[in-house]
Structure formats: C-alpha cells, structure tokens
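Below is one structure, written out as structure tokens, with a few remarks after it.
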Amino acid sequence: MSEPISVLVVDDSALMRNLVTRMIDSTPGLKVADKAMNGIFALQKIPRCNPDVIVLDIEMPEMNGIEFLKERNRLGIDIPVVILSSVARRGAQVTMEALSLGASDFITKPSGSVSSDIHTVAGELGRLLLAYGSQYQRIKGKEPPRYHFEAPERMFDRPETRLEPKLPLQPAPKPTPTRTPGSTEIIAIGISTGGPNALREVFSKLDPHLRQPIVVVQHMPPGFTEEFASSLDRICPLDVKEAAEGDLLKPGRILIAPGDYHITVEKRALAGVVHINQDPPENGHRPSADVLFRSVAAQYGNRAMAVIMTGMGKDGARELGAVYREGGITLGQDEASSIVYGMPKVAWELGHVSEQVSLSAMANRISALAAEQR
C-alpha cells in the first residue's frame with residue numbers, strides 16, 4: 001500500500017510557509033509533515049516527523065540553508081532537499097553552493113501569494129517533491145504513489161486536475177540507421193529533473209583527454225545557467241561555460257544552453273559554432289533537447305553522439321531518433337539510476353536508444369565510445 005510523500009517545509013517567512021503548504025496540499029500524493037522557521041528547528045523536527053523530502057529556504061536567521069546542509073551532511077541525514085531560491089545573482093551563486101553541499105534540486109520562489117507565476121511554481125514544486133520523495137521512499141523500502149503530473153500549471157485554478165495513473169507505452173520497433181557510426185565529432189546531452197547532480201557526477205569523471213566538444217540542454221530557469229556552468233567548471237577536467245551566440249565548438253569544451261534559449265549547432269570547415277534563439281518552446285521547454293538533437297543530426301549525421309538522461313516528460317525522445325537514424329551513437333540513462341525515468345524511458349520505448357547506461361557508468365561510457373570513434 002502506497003502512502004503520501006511527506007514534506008518538511010523550512011522557511012522563516014510565515015507567508016511563504018503557508019503558500020508552500022497550500023501548494024503541497026493541492027498536490028495529490030503529497031502531504032505536509034511539519035513546518036520550521038529555520039535550520040535549527042528543522043533539525044529538531046526531522047526525527048519526529050520523519051519526512052521524505054525537505055523544502056528549504058536559504059536566507060534564514062540563526063541557521064540558514066547553507067549551514068543546515070552542512071549540519072545535515074555532518075549528521076549523515078540523507079533526506080533529499082529542494083531549495084527555494086531567489087532569482088537574484090547572489091541567489092544563483094548560493095543555490096549552486098547548496099547543490100554542491102548535497103541539495104537535490106531547486107525552484108525559484110514565487111513573488112507573492114497572488115503573483116502571476118504562482119501556477120508555474122506550484123506545478124514545478126509538486127513535480128520535484130514527487131520525484132525526489134518517491135525515490136527516497138523506494139530507497140527506504142516503501143511503495144511511493146504510482147502517479148505522474150498532468151497539467152500542473154492549472155492545479156490552483158482547476159480543482160479537477162489530478163494525478164493520473166501511469167500507463168505503459170508500447171515499445172516501437174527500432175528504426176533502421178541509414179549508415180554505421182563514423183568518427184564522433186560532437187556529443188549532445190539532454191537532461192531535466194535530477195540533472196544538476198547527475199551532471200555533477202558525470203562531468204567530474206570525464207576523461208580529461210576527451211577531445212569532442214559537448215553541448216548540453218539542462219532544463220533550468222534563466223539567471224541560473226551561467227553560475228551552474230561555473231560550478232561544473234570547478235569540478236570538471238574540461239572547460240565548462242554557458243553558451244553564447246557564435247561560441248566555437250572546441251575540443252575539450254562543454255557548452256551549457258542558457259536558460260530560456262534554444263541552442264543549435266552549425267558545422268563549419270574549420271570549427272563548428274553554436275547559435276542560440278528564442279523560438280517558441282518545444283515540449284513545453286526552452287531550451288529543448290529536441291531542438292538540439294535535431295540540429296546535431298542534421299549537421300553531424302553519423303558523426304554525433306547523443307545522450308538522454310533523467311527527466312520528466314518526453315523532451316529529446318523524438319529527435320534522439322534523428323541521431324539514431326543517421327547512424328550516430330545514442331545513449332539513455334537507465335531506470336534504476338534516474339530520478340525520473342521519463343525522457344529516457346520514452347526514448348527507449350520509441351527504439352531511439354542504442355544502449356542504456358547507469359549514471360555511475362555514464363562518464364566512462366561516453367569517454368570510451370568517444371575515444372573509440374575519434
């Protein structure tokens with residue numbers, strides 16, 4: 001018998017605690033375990049309320065979010081933490097510090113109880129809490145709610161919107177590649193929920209001699225990707241930066257799509273370049289992994305490697321098939337290691353993934369295949 005995912009809400013603002021509580025109460029499959037006004041009270045309440053996931057503010061008196069995460073690590077508490085972040089530049093820096101200390105993910109705060117972004121924030125928060133809370137329940141031997149989110153942006157103004165049971169997709173026959181893989185000249189990665197820490201693990205283990213450029217679509221709001229790229233650059237043996245219009249695709253360089261911008265590639269005689277644009281979202285996302293994969297398939301054909309990793313929904317699953325049909329290498333993260341087995345699951349069931357790889361093995365597999373096909 002499954003049980004709701006219990007959430008501890010930690011924020012010094014009574015308004016924000018109540019607002020987040022309303023969001024949680026409006027999401028089937030979630031319940032509020034308790035509330036705390038700072039990190040000290042949160043640590044006292046954890047043994048009593050035994051939450052499956054924690055929503056954590058950063059700026060709080062007595063013990064702030066960063067101090068809480070450090071103490072959580074010292075005490076060996078493994079409950080996942082979702083950060084409530086401000087959109088200011090300082091907020092982005094502190095948010096990335098929180099991720100480096102073991103926070104699972106983050107969401108930007110709504111600007112108030114009647115703000116225009118309340119529906120979007122409510123839906124995204126619900127998705128994150130269900131994802132990380134479900135994973136934690138599975139680790140603890142519990143059976144999490146068997147649901148996925150539908151129309152989350154309408155959860156506040158359409159009470160009939162509810163979580164629906166998952167329905168398995170029927171596997172499709174694999175498409176036939178038009179040619180065999182050639183020498184890999186570019187690597188493209190599409191990733192979403194669970195991505196920040198997954199990319200930290202993969203990038204920290206990449207072969208420092210890897211010569212192919214890497215282009216990444218990580219679903220992330222604007223204002224955070226520059227600092228996210230900088231945080232990855234500190235732990236990765238390769239150079240990591242937020243992509244800008246016209247950036248060169250250089251050996252040993254990783255480019256992260258800016259928040260709210262699609263990214264495409266153009267192959268040129270001397271060196272490829274990237275382009276960014278604000279064309280309409282695809283699959284509800286900008287940047288979209290489908291946009292990147294389609295561009296990579298068109299420009300590099302069988303000389304590309306495309307990787308689809310943890311994430312909710314189906315972004316990237318369709319156009320991963322374009323790389324596969326061209327004869328490129330396609331990898332998908334496996335179910336066991338995915339925070340949300342959504343994007344890679346759809347890609348696998350469409351027949352677009354040539355090989356499934358666990359998160360712990362992903363860096364080595366990318367590096368090995370790139371070296372073989374160089």
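Read-outs throughout are calculated quantities, based only on the coordinates presented, and are distinct from any laboratory measurement. Keep in mind that this is a model prediction, so the values were computed, not measured. Note that each Cβ is placed from the backbone with ideal geometry, even for glycine, and that neighbours are counted across all protein chains shown.
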statement: Final fewest-first order of L125, L43, L99 on the 10 Å Cβ neighbour count is L43, L99, L125
- prompt: How far is it, in nm, from the label point at S204 to the one at E143 when both lie 7 Å from their Cα along the line to the Cβ?
  reply: 3.6 nm
task: Calculate how steeply helix 289-300 sits against the longest principal axis of the alpha-carbon atoms of the chain, using the helix alpha-carbon long axis, and give the answer as 0 to 90 degrees to the nearest 10.
output: 10 degrees
- prompt: Using alpha carbons only, how many degrees (0 to 90, rounded to 10) separate the axis of helix 65-75 from the longest principal axis of the chain?
  reply: 90 degrees
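Can you show me the helix-derived [θ] at 222 nm for the chain, built from DSSP H runs with n ≥ 4 at -39,500 (n - 2.57) apiece and divided by the number of residues, rounded to the nearest 500. All intermediate terms of the calculation are to be shown ahead of the outcome.
On the way: 11 runs with 129 residues, N = 374.
Per the formula, -10500 deg cm²/dmol.
Neighbour counts of other C-beta atoms within 10 Å: give me C49, C236 arranged from fewest to most.
Listing C49, C236 from fewest to most nearby Cβ atoms yields C49, C236.
Suppose we keep just the DSSP beta bridges with both residues in the chain; what percent of those would be antiparallel, to 5? Please report the intermediate quantities before stating the final value.
Details: 9 of 52 bridges.
Among the beta bridges of the chain, antiparallel pairing accounts for roughly 15 percent.
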Per DSSP, loop trypsin sites (Lys or Arg not before Pro) in the stretch 198-239 with at most 12 further Cβ within 10 Å: R234
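Hey, which of these cross-link pairs are over 22 Å Cα-Cα: K250/K314; K31/K345; K31/K140?
Working: K250/K314 29 Å; K31/K345 28 Å; K31/K140 18 Å.
Over 22 Å apart, Cα to Cα: K250/K314; K31/K345.
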- line: Interchain or sequence-distant (5+) residues whose placed amide H lies within less than 5 Å of the amide H of G351 are A172
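For a test of the definition: using alpha carbon positions, the gyration tensor, and the 1.5 limit on a/c, classify the stretch 197-265 as rounded, prolate or oblate. Intermediate results must be reported in sequence, preceding the final value.
On the way: a/c = 2.03, a/b = 1.24, b/c = 1.64.
Oblate.
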query: How far, in degrees from 0 to 90, does helix 118-139 lean away from the longest principal axis of the Cα atoms of the chain, to the nearest 10?
result: 90 degrees
message: For a quick check: sort V346, V81, V273 by the number of other beta carbons within 10 angstrom, fewest at the front.
response: V273, V346, V81
- prompt: Between A244 and C49, what length in nm is gained on full extension when 0.36 nm per residue of separation is reduced by their alpha carbon distance?
  reply: 65.6 nm
- line: Reduced to Cα centres, the span from the stretch 257-313 to the stretch 1-79 in Å works out to 36 Å
- line: If each K or R counts +1 and each D or E counts -1, the residues other than V32 whose Cβ falls under 11 Å of its Cβ total +2
task: Let me know the longest stretch in the chain that avoids all GluC sites (Glu not before Pro) found in a DSSP loop with at most 14 other C-beta atoms within 10 Å.
output: 246-334
field: Linear extension gain, S13 paired with L270, 0.36 nm per residue minus alpha-carbon span
entry: 87.0 nm
